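Undergrad: Quick one: structure below, then a few questions.
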Amino acid sequence: MFALDNLVRQCAEAALNVIAPDLGENLGASTVNSQKSSKSTNSFDMRDQILQLKEENNRLTQEFIVSQKQYQALLKDLIDQTQLQGQALRQVIADLSQCSTIKEELEPDPKLAQWLEGLGLHRTTREIFLSQGFTLEEVLHDIEREDLRRIGLKVGTEFKIWVAITQYRSTPTICNGTSTPTY
């Protein structure tokens with residue numbers, strides 16, 4: 001019977017310790033040993049630590065949610081800007097394709113065509129050179145070796161044209177690639 005009374009008392013004290021820790025320590029009977037008291041104190045400390053960890057976890061979760069919302073907003077803005085830039089680029093391309101000045105083809109200089117043919121250049125090479133819009137006078141008087149390089153001809157062809165240009169510049173008679181002048 002006494003064992004049952006002790007058991008009920010210990011249960012009541014444990015319940016009080018859980019509900020109101022301060023009251024449980026003051027109401028405890030003198031028979032409660034110090035070891036049980038230290039265990040209950042440790043459990044209260046652990047409970048406090050758990051509560052602090054839960055609060056910290058909640059705070060970190062909220063910070064994470066806020067940062068994710070900010071990240072999503074930035075990403076949405078970036079996507080919107082990219083779409084606007086794409087639309088603007090498509091509009092520019094559409095405007096350029098409708099522009100008649102771009103479709104305008106240059107008429108090749110017949111004198112330059114004849115001179116290039118006289119140098120013995122292949123038809124495709126002549127067409128590439130003529131598509132640049134030069135006149136014979138510009139080629140013979142103004143063009144530089146670097147200009148020839150930018151046209152994109154083969155090195156041998158570029159050299160053949162450059163030799164003919166420098167030959168003309170040293171003796172101002174038009175040569176067709178050989179030493180026979182043509183007028």
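The values are calculated or read from the model by the stated rules, or taken from the named source; none is laboratory data. Worth saying up front: this structure is predicted, and the values here are computed from it rather than measured. Please note: Cβ atoms are built from the backbone with ideal geometry, for glycine as well, and neighbour counts cover all protein chains shown.
Undergrad: For the range 118-150, give me the residue count where each residue is in contact (Cβ under 8 Å) with a residue 40 or more places away in the chain and assigned to a helix (DSSP H, G or I).
TA: 1
Undergrad: When residues of the range 124-169 are filtered for being of a type in the set (Gly, Ala, Ser) and at pLDDT 90 or above, how many remain?
TA: Number of matching residues: 2.
Undergrad: Those residues that are buried (at least 17 other Cβ atoms within 10 Å of the Cβ) and without any contact (Cβ under 8 Å) to a residue 40 or more places away in the chain, I need them from the range 151-161; list them, please.
TA: Leu153, Thr157, Glu158
Undergrad: While we're on this one: Can you tell me which residue in the range 81-110 is farthest from Glu138 (Cα to Cα), limited to those that are small (Gly, Ala, Ser) and at pLDDT 70 or above?
TA: Filtering first and then ranking leaves Gly86.
Undergrad: Still on this structure, please answer the following. Test Thr173 against the stated conditions and say whether it is in a loop (DSSP other than H, G, I, E, B), among the polar types (S, T, N, Q) and either modelled with pLDDT of 90 or more or farther than 16 Å from Glu117 by Cα (or both).
TA: yes
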